[in-house]
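Colleague: One structure, pasted below without further comment.
What follows draws every value from the coordinates through simple rules; no lab data is involved. Keep in mind it's a predicted model, so treat the numbers as computed, not measured. Don't worry about glycine lacking a Cβ; one is built from the backbone with ideal geometry, like all the others, and counts go over all protein chains shown.
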Amino acid sequence: MATTKIEFAVPMSCQSCVDKVSNVLNGMDGIKNFEVDFSQERVVVESSLPIHQLQAALETSGKRPGPHGFHIYSSGDLSQGCDSIGDHYNPYNRPHGGPNDNIQNRHLGDLGNILSDESGRAAFRIIDKHIKVHDVIGRSVAVTAQADDLGRGSNISSKMDGNSGERIGCGIIARSAGILENTKRICLCSGVTLWDEKGATS
């Protein structure tokens with residue numbers, strides 16, 4: 001069967017990450033060979049498998065079941081990934097705490113923990129009576145490697161970030177358009193939006 005060589009960009013922070021990726025790929029039928037480059041954070045796979053199957057396997061290798069801290073951060077700067085998003089959103093200069101604590105005893109961005117299942121997926125809905133959406137547009141959210149102790153620990157870090165560890169995923173908070181607020185007209189002749197067609201060359 002014909003094979004295809006595919007290169008993936010895979011964030012890896014330690015040898016343990018390399019081992020996890022290697023273990024996942026070693027256990028899959030249809031992979032002819034692969035190379036994991038830690039320094040370049042790159043994985044090259046030669047395989048007869050569909051790309052989406054390989055991608056799903058690589059994504060699974062980095063997921064950790066259990067509780068993970070979830071917070072709003074002060075900046076939406078992703079130029080250096082999750083390292084450049086600043087500290088927890090804390091406009092009132094309070095100590096770290098839990099989402100149910102009095103606002104005097106928590107960062108505004110302290111949203112507690114989310115729980116991921118064995119596949120590493122987490123489904124959640126959070127309501128916070130102190131946060132206004134328009135105040136956090138353009139800031140960021142991140143998931144951390146460890147559970148947040150909600151400021152109940154005995155060390156200094158507990159009052160800063162809840163001992164929740166490194167940030168393993170982040171994104172910018174943005175406002176999506178409401179229903180019928182971002183309509184597009186499709187040209188029947190080409191099947192693309194009129195906006196896209198306007199910039200196309202004939």
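Colleague: Return the Rg/Rh value of the range 4-61, two decimal places, where both radii are evaluated on C-alpha atoms and Rh is the Kirkwood radius.
Modeller: Answer for the range 4-61: 0.92.
Colleague: What is the ratio of the Cα radius of gyration of the range 89-176 to 2.2 N^0.38 Å, with N the residue count, to two decimals?
Modeller: So the Cα radius of gyration is 1.09 times the expected 2.2 N^0.38 Å.
Colleague: If you split all Cα-Cα distances of the chain into 5 Å bins from zero, what percentages do you get per bin, shortest first?
Modeller: 1, 6, 12, 13, 13, 12, 11, 11, 10, 6, 3, 1, 0, 0
Colleague: Collect residues whose amide H, placed 1.01 Å from N in the peptide plane, falls under 5 Å from the amide H of GLY97; neighbours closer than 5 in sequence don't count.
Modeller: HIS107
Colleague: Here is a follow-up. If each residue's Cβ is checked for other Cβ atoms within 10 Å, how do SER140, SER39, SER74 rank with the fewest at the top?
Modeller: Numbers: SER140 24, SER39 6, SER74 18.
Ordered by Cβ neighbours within 10 Å, fewest first: SER39, SER74, SER140.
Colleague: Quick one: which residues, 5 or more positions from GLY112 or on another chain, have an amide H under 5 Å from its amide H? H modelled 1.01 Å from N in the peptide plane, none for Pro or chain starts.
Modeller: PHE70
Colleague: Between ARG64 and GLU41, 0.36 nm times their residue separation minus their Cα-Cα distance comes to what?
Modeller: Stretched out fully, the ARG64 to GLU41 stretch lengthens by 6.4 nm.
Colleague: Cα-based count: Lys pairs in the chain below 28 Å, eight or more positions apart or different chains?
Modeller: Taking the chain as the scope, the lysine pair count is 10.
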